[in-house]
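A single structure is presented below for examination.
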């Protein structure tokens, strides 16, 4: 088994583990109402870090494959799916962060509305 195949297999295994973590912790992204796989919450940081190790392995894999090919056209034609995967992983991570940011903004807007209501009730003259 060549080094390239071992690296591809390692990436595939890590992506599979990451997908299992997504089903366990981010099940709402898939439109599910409850977890399919039950994993303790203590493991969530592991799955959050796992994505960056996948990205690093993909970068190493693609750089080695480019050195092997040494022709940009052949490289893109032969390894386009690896390139797309490397581009999409950070994009999907940004959506995850966007979802977190959106929930924080919603909570802040609720607090802001509550503060405005309190201020308006203080301005109402009491009889």
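The values are calculated or read from the model by the stated rules, or taken from the named source; none is laboratory data. Nothing here was measured: the structure is a model prediction, and the numbers come from that model. Here Cβ is always computed from backbone atoms with ideal geometry, including for glycine, and neighbour counts include all displayed protein chains.
Those residues that are in contact with a helix residue (DSSP H, G or I) (Cβ under 8 Å, 6 or more places away or on another chain), at pLDDT 85 or above and exposed (fewer than 15 other Cβ atoms within 10 Å of the Cβ), I need them from segment 15-33; list them, please.
Residue satisfying the conditions is 17 alone.
Ok, one more. Filter segment 34-58 down to the residues that are free of Cβ contacts under 8 Å to residues at least 40 places away in the same chain, assigned to a helix (DSSP H, G or I) and surrounded by 11 or more Cβ atoms within 10 Å (Cβ to Cβ) and list them by number.
43, 44, 46, 47, 48, 50, 52, 53, 55, listed by residue number.
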